[in-house]
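Worksheet: one structure, shown below.
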Amino acid sequence: MTSNLQNLDKLDRKIISSLLSNARESIANLSRNVGLSRTAVAERIHRLEKTGVIKGYTAQIRVENNGNNASCYLIILCEKGKKTDVIAFLKEIPEVRSTSVVGGEYDILALLEASNLQSIHHLANEIEGFSGIKSVQTKVILYQPFNR
């Protein structure tokens, strides 16, 4: 039994948005932010979990706590038949936060986070040297209005 995000009301969306920003947010804080009782918020969260809208909660690592992280997207073109190998290689690098297989001219889009641009440069060079990768384009993130 799964629910569609389009079927959610404003309060459910507000709860989900808060949990996306901080999955450990207390029921008490959520209830204050949403304007419902703690019991009502807990029941809504339970329903969202039961229907599969909320699939789970996860820990996220922070590369560095000072807020001065550098981020970029790597646009990767793989050699024929090497996508799986490249993805496995990228998965072993903690600074690679996510990967997406994409259609079109390139094969993989990877989000890379490090403490500074010099680290980004070294990691991108290491990744570019992996056998199975034809080319890598780097797109540095200048500004991120929000990140969940």
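The values are calculated or read from the model by the stated rules, or taken from the named source; none is laboratory data. Just so you know, these numbers come straight off a predicted model, no measurement behind them. So basically every Cβ, Gly included, is an ideal-geometry build from the backbone, and we count neighbours across all protein chains shown.
List every residue pair whose Cβ atoms sit under 7 Å apart, with the two residues 6 or more apart in sequence or on different chains, where the first one lies in segment 124-136 and is under 16 Å from L111 (Cα atoms) and not assigned by TED's automatic domain parsing to the domain that holds D85 and the second, anywhere, is exposed (fewer than 11 other Cβ atoms within 10 Å of the Cβ) and of a type in the set (S, T, Y).
Partner pairs satisfying both residue conditions: none exist.
Which residues, counting only those in segment 83-92, are over 14 Å from V102 (Cα atoms) and either of a type in the set (S, T, Y) or buried (at least 17 other Cβ atoms within 10 Å of the Cβ) (or both)? Before you say what the answer is, go through the steps one by one.
Taking segment 83-92 first, the residues over 14 Å from V102 (Cα atoms) are 85, 88-92.
Listed by number, the residues that qualify are F89, L90.
Out of V102, V53, V41, I need the residue that is at pLDDT 95 or above, surrounded by 12 or more Cβ atoms within 10 Å (Cβ to Cβ) and under 19 Å from the mean Cα position of the chain (by Cα). Which one?
Checking each option against the conditions leaves just V102.
What residue, of L90, L112, L77, is touching a residue at least 24 places away in the same chain (Cβ under 8 Å), under 27 Å from S21 (Cβ atoms), outside the structural domain of N22 (by TED's automatic domain parsing) and in a strand (DSSP E or B)?
On the way: L90 fails: in a strand (DSSP E or B); L77 fails: under 27 Å from S21 (Cβ atoms).
Within the list L90, L112, L77, the selection yields L112.
Go through segment 12-26 and report how many residues are exposed (fewer than 15 other Cβ atoms within 10 Å of the Cβ), in a helix (DSSP H, G or I) and of a type in the set (A, V, I, L, M).
Summing the residues that are exposed (fewer than 15 other Cβ atoms within 10 Å of the Cβ), in a helix (DSSP H, G or I) and of a type in the set (A, V, I, L, M) in segment 12-26 gives 1.
Output the residue which, of all residues in segment 30-55 that are of a type in the set (A, V, I, L, M, F, W, C) and not in a loop (DSSP other than H, G, I, E, B), is farthest from L20 (Cα to Cα).
So the residue we want is A40.
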